[in-house]
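Trainee: First, the structure itself, so that you have it in front of you.
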Ligand code: F6R
């Protein structure tokens, strides 16, 4: 795990977008794993601007999102399909047939989960997975106590996640209480991954995920055993880390990151 601390949330999002763009330029047929949520909105805004201003090409890219609410149709404005179409897919040159999210309205949800795993496998696996983190340590919707080997499945959301996300629903009771999510094991199989967290509300959970023990109680801590994982933070989200100076030194001296200074 490599931790990169940026001065502001905007700088952190810009760096995440530049890294994704670099991956896409190096491999135009990239299989990209995507996340939703407030943190990702600025990443997608930068990627959309790179497409518009620099011609960043998404035409051969294929995407798989981490999760989708059970019971919400793609056209529902609270669905993650709707979020992705608004924030990214509708703003870049990607064919919607190359973008996939779990189908939360499938009649047989277990079959949908199996087919999602099979579809990822058929592409050869996710090359680059983008991740956010919930205040309870979830990645995707892998809530605390998710097995570190879990696969795509239906997850009942925790009270913490429900209260984190209810603000997006005009009627909070309308928020689904279940979602389909890639598993922690699915995420760990991505070839590279990047977790982005910003804001002081994430400082406590970031300290536990990055410097605490690997534990299913904090699913994001499983990223410590991912062979190529970067964690990009702003100062506020990094506030609880004890080794900040070391992480800064490492970023300044690591040749892999030189192009991003
Ligand atoms: C959603 C997802 C979640 C979010 C997390 C943080 O697709 O993967 O794990 O990344 O809940 O959400 P925000 O950015 O809204 O704090």
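The values are calculated or read from the model by the stated rules, or taken from the named source; none is laboratory data. Nothing here was measured: the structure is a model prediction, and the numbers come from that model. Positions of Cβ are generated from backbone atoms using ideal geometry, with glycine treated the same way; all protein chains shown enter the neighbour counts.
Trainee: Please work out if residue 12 is within 16 Å of the ligand (Cβ to nearest atom) and in a helix (DSSP H, G or I).
Mentor: Spelling it out, residue 12 is indeed within 16 Å of the ligand (Cβ to nearest atom) and in a helix (DSSP H, G or I).
Trainee: Sticking with this structure for a sec: Just one of 210, 214, 184 is out of contact with any strand residue (DSSP E or B) (no Cβ under 8 Å at 6 or more places or on another chain) and either in contact (Cβ under 8 Å) with a residue 40 or more places away in the chain or buried (at least 24 other Cβ atoms within 10 Å of the Cβ) (or both); which is it?
Mentor: 214
Trainee: I'd like to check something: does the stretch 165-179 contain any residue that is crowded, with 23+ Cβ neighbours inside 10 Å and at pLDDT 95 or above?
Mentor: Looking for residues that are crowded, with 23+ Cβ neighbours inside 10 Å and at pLDDT 95 or above, one finds at least one in the stretch 165-179, hence yes.
Trainee: Output the residues belonging to the stretch 178-207 that are over 14 Å from the mean Cα position of the chain (by Cα) and within 15 Å of the ligand (Cβ to nearest atom).
Mentor: 178, 179, 180, 199, 200, 201, 202, 203, 204, 205, 206
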